[in-house]
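Remarks on the structure that follows.
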Amino acid sequence: MFELISNSQQDTKKFAKIIANFLLPGDVLELVGELGAGKTTFTSELCTFLGVKEGVSSPSFALVHLYEGKMPVYHMDFYRFNHMEDLLDLDFERYFYPEDGISLIEWGSCVEAFLPDNRMILRIEIVGDTSRKFILEDSGKGKKIGEELRRCKF
Ligand SMILES: Nc1ncnc2c1ncn2[C@@H]1O[C@H](COP(=O)(O)OP(=O)(O)O)[C@@H](O)[C@H]1O
Ligand SMILES: [Mg+2]
């Protein structure tokens, strides 16, 4: 597990840049945290560093937004998800097990049973008005990234 305190959006941007450098096609990153924690903010910064030029907004209604960066980026948000049929309509395997792209998932707990076991999990906790705690769990590639991050100075 790797933990980092971000005291500003600028810190969050720097962290997103570092994480972006570790991501490869096929990777799935779940973002966990309460409303307003910063899941979409982090995703947006991450997308920029993945080469996405367009603005990133929460796909609460569409469930998934597709962005063309250095590779395809699939951004999901299951906050408003309540029908399992919607998941089938979504062709979820393509996004939960992306071959060609990177998947970023908000509110994944709603569909947890369908998520890949080897996904990375990044928790975001609200510490104060402008500070957030990022916790990268040891799941999947997160363990190795965490070990490398612990050796870095921020
Ligand atoms: N250090 C920080 N890093 C990221 N966001 C922060 C930070 N401090 C405050 N914020 C604010 O927290 C809010 C997070 O909102 P959002 O990303 O939409 O959350 P979520 O997607 O988790 O519901 C934004 O208004 C952002 O400006
Ligand atoms: Mg959000």
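Which condition breaks for GLY38 when tested against (1) closer than 21 Å to PRO25 by Cα; (2) at pLDDT 95 or above?
Failing condition for GLY38: (1).
Taking the condition of being hydrophobic (A, V, I, L, M, F, W, C), open to solvent by 20 Å² or more (accessible area, probe 1.4 Å) and touching a residue at least 24 places away in the same chain (Cβ under 8 Å), how many residues in segment 91-120 meet it?
Looking only at segment 91-120, we keep the residues that are hydrophobic (A, V, I, L, M, F, W, C), and these are 92, 96, 102, 104-105, 107, 110-111, 113-115, 120.
From what is left, the residues that are open to solvent by 20 Å² or more (accessible area, probe 1.4 Å) are 92, 107, 110, 113-114.
With touching a residue at least 24 places away in the same chain (Cβ under 8 Å) added as a condition, the list becomes 107, 110, 114.
Residues flagged as hydrophobic (A, V, I, L, M, F, W, C), open to solvent by 20 Å² or more (accessible area, probe 1.4 Å) and touching a residue at least 24 places away in the same chain (Cβ under 8 Å) within segment 91-120 amount to 3.
Exactly one of (1) within 13 Å of the chain's Cα centre (by Cα); (2) near ligand 1 (Cβ under 9 Å from one of its atoms); (3) of a type in the set (A, V, I, L, M) is unmet by VAL28. Its number?
Status for VAL28: all satisfied but (2).
Could you please find all residues in segment 101-118 being within 24 Å of THR41 (Cα to Cα) and of a type outside the set (A, V, I, L, M, F, W, C)? Before you say what the answer is, go through the steps one by one.
Of the residues in segment 101-118, the ones within 24 Å of THR41 (Cα to Cα) are 101-112, 115-116, 118.
Within segment 101-118, GLY101, SER103, GLU106, GLY108, SER109, GLU112, PRO116, ASN118 qualify.
Is it true that some residue in segment 79-86 is of a type outside the set (Asp, Glu), open to solvent by less than 20 Å² (accessible area, probe 1.4 Å) and either out of contact with any Gly (no Cβ under 6 Å at 6 or more places or on another chain) or closer than 24 Å to PHE15 by Cα (or both)? Walk me through how you get there before you give the answer.
Step one: list which residues in segment 79-86 are of a type outside the set (Asp, Glu), which gives 79-84.
Among the residues that remain, those that are also open to solvent by less than 20 Å² (accessible area, probe 1.4 Å) are: none.
The answer is no; no qualifying residue exists.
Scan segment 28-73 residue by residue and report those that are over 19 Å from ARG119 (Cα atoms), open to solvent by less than 20 Å² (accessible area, probe 1.4 Å) and assigned to a strand (DSSP E or B).
Answer for segment 28-73, where residues must be over 19 Å from ARG119 (Cα atoms), open to solvent by less than 20 Å² (accessible area, probe 1.4 Å) and assigned to a strand (DSSP E or B): just TYR67.
Across segment 1-27, which residue is least open to solvent (accessible area, probe 1.4 Å) among those that are in contact (Cβ under 8 Å) with a residue 40 or more places away in the chain and among the small types (Gly, Ala, Ser)?
SER6
Pairs, please: C-beta under 8 Å, at least 6 apart or cross-chain, first residue open to solvent by 60 Å² or more (accessible area, probe 1.4 Å) and in segment 135-154, second small (Gly, Ala, Ser)?
ASP138/GLY146
Which residues, taken from segment 7-35, are within 16 Å of ligand 2 (Cβ to nearest atom), under 27 Å from ARG94 (Cβ atoms) and not hydrophobic (A, V, I, L, M, F, W, C)? Before you say what the answer is, go through the steps one by one.
The first filter runs over segment 7-35 and keeps only residues within 16 Å of ligand 2 (Cβ to nearest atom), leaving 9, 12, 16, 29-35.
If we keep only those that are under 27 Å from ARG94 (Cβ atoms) too, we end up with 16, 29-33.
Passing the criteria: GLU30, GLY33.
The values are calculated or read from the model by the stated rules, or taken from the named source; none is laboratory data. Predicted, not measured: the structure shown is a model, and the values here were computed from it. So basically every Cβ, Gly included, is an ideal-geometry build from the backbone, and we count neighbours across all protein chains shown. Quick note on the areas: whole protein, heavy atoms, side chains included, nothing else; ligands and nucleic acids left out. Shrake-Rupley method; radii C 1.70, N 1.55, O 1.52, S 1.80 Å.
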